[in-house]
Amino acid sequence: MHLLFIADPLESFKIYKDTTFAMMREAQARGHVLSTCEPKDIRWQRGEPVIAFVRDITLTGDPVHWFNAAQHKPDERGQALKAFDAVVMRKDPPFDSEFFYATHLLEQAEREGAKVFNKPRGLRDHPEKLAIMEWPQFIGPTLVTRDAQDIKRFHAEHHDIILKPLDGMGGTGIFRVKADGLNLGAIIETLNCEGTQTVMVQKFLPAISEGDKRILVIGGQPVPYCLARIPQGGEVRGNLAAGGKGVAQPLSARDREIAEAIGPVLAGRGLLLMGLDVIGDSLTEINVTSPTCFQEIFDQTGFDVAAMFVQALEKAVKKALVP
């Protein structure tokens with residue numbers, strides 16, 4: 001197959017841990033051809049199909065100069081997205097206006113015959129923090145609001161809370177407010193921008209000390225190991241980007257219960273890959289844009305998550321070809 005990966009600039013990859021790189025490496029090892037672009041390289045002009053200016057690449061195996069590109073200029077080769085066997089959307093958050101517009105261009109490409117994973121509508125319809133609200137049986141006390149008084153009421157009820165922006169990633173913008181309410185007003189002002197931006201508020205889960213578990217689900221099936229991201233040095237956030245320590249471990253019975261309930265539903269909506277974040281027994285986020293942790297799980301357990309993903313991708317493409 002000829003695969004197009006839409007991602008951040010290749011030069012920004014840290015290949016020792018990058019999940020998109022792991023996908024590419026496995027795909028090339030299985031004989032697939034690789035091309036890449038960034039969302040900014042996608043174009044739709046009147047009377048034409050959606051195209052992308054792409055780089056055709058091969059992976060070298062060198063840890064520094066890790067790819068060779070056939071094209072030297074960003075606008076050297078344009079190709080219709082429908083001409084690829086599969087388009088893999090792997091642009092990192094934030095889910096901002098440009099990401100939103102990209103999903104519309106990709107959805108037009110789908111109408112023309114492109115096969116896009118994760119499905120653009122699935123990406124657009126499942127904001128990573130809000131998506132958990134569909135499964136109240138798996139989440140802790142949670143409030144989504146712009147209203148400062150509503151947040152203060154929630155704090156008065158639960159005493160120890162977490163506040164976070166809906167468009168954050170990697171643990172950015174997350175605050176904990178304990179029972180004393182210290183700086184609650186200032187934090188609300190910072191996050192809700194005087195009532196113009198929506199905030200998610202959740203009861204603090206002490207089980208964070210044991211890790212914020214990333215459970216990967218591929219083709220509706222859970223990967224048998226998760227990565228528990230354990231906060232370090234008094235930090236409340238377990239995110240690897242915030243200094244958390246990643247420890248791979250087998251799924252618990254509760255982890256599997258959550259994954260097996262949610263996974264098939266979202267797979268049916270075109271989400272081939274998702275990452276469920278679980279603290280203790282509670283679901284806290286559903287990551288659908290560019291879930292990570294493939295390499296950390298493989299390095300610690302030997303389970304080849306990238307192979308599972310590429311096999312699922314191959315199967316999904318074949319299924320899409322059946323009339």
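The values are calculated or read from the model by the stated rules, or taken from the named source; none is laboratory data. The shown structure was predicted, so the numbers you read here are calculated from the model rather than taken from an experiment. All Cβ positions, glycine included, derive from the backbone under ideal geometry; neighbour counts span all protein chains shown. Please note that ligands, DNA and RNA were not included when accessible areas were found on the heavy atoms of the full protein model with its side chains. Shrake-Rupley method; radii C 1.70, N 1.55, O 1.52, S 1.80 Å.
Here residue 194 passes the criteria (1) crowded, with 16+ Cβ neighbours inside 10 Å; (2) among the acidic types (Asp, Glu); (3) without any contact (Cβ under 8 Å) to a residue 60 or more places away in the chain except the one numbered (1). Just one residue in the set 280, 302 is open to solvent by 10 Å² or more (accessible area, probe 1.4 Å) and farther than 26 Å from residue 206 by Cα; that residue is 302. Checking each residue in region 11-24 for being surrounded by fewer than 20 Cβ atoms within 10 Å (Cβ to Cβ) and under 16 Å from residue 56 (Cα atoms) picks out only 11. Those strands (runs of 3 or more DSSP E) of region 63-158 in which 1 or more residues are open to solvent by 70 Å² or more (accessible area, probe 1.4 Å) and either modelled with pLDDT of 95 or more or closer than 20 Å to residue 318 by Cα (or both) occupy 67-69. Could you tell me whether residue 247 is in contact with a strand residue (DSSP E or B) (Cβ under 6 Å, 6 or more places away or on another chain), of a type in the set (A, V, I, L, M) and surrounded by fewer than 18 Cβ atoms within 10 Å (Cβ to Cβ)? Spelling it out, residue 247 is indeed in contact with a strand residue (DSSP E or B) (Cβ under 6 Å, 6 or more places away or on another chain), of a type in the set (A, V, I, L, M) and surrounded by fewer than 18 Cβ atoms within 10 Å (Cβ to Cβ). For the residues 288, 317, 310, the requirement of being open to solvent by less than 20 Å² (accessible area, probe 1.4 Å) and out of contact with any Lys or Arg (no Cβ under 8 Å at 6 or more places or on another chain) singles out 288.
All of (1) closer than 23 Å to residue 262 by Cβ; (2) modelled with pLDDT of 95 or more; (3) aliphatic (A, V, I, L, M) hold for residue 166 with one exception: (2).
Taken over region 159-191, the criterion of being open to solvent by 30 Å² or more (accessible area, probe 1.4 Å), charged (D, E, K, R) and closer than 20 Å to residue 285 by Cα is satisfied by 160, 167, 176.
Checking 243, 233, 220 one by one, the residue that is among the small types (Gly, Ala, Ser) and in contact (Cβ under 8 Å) with a residue 24 or more places away in the chain is 220 and no other.
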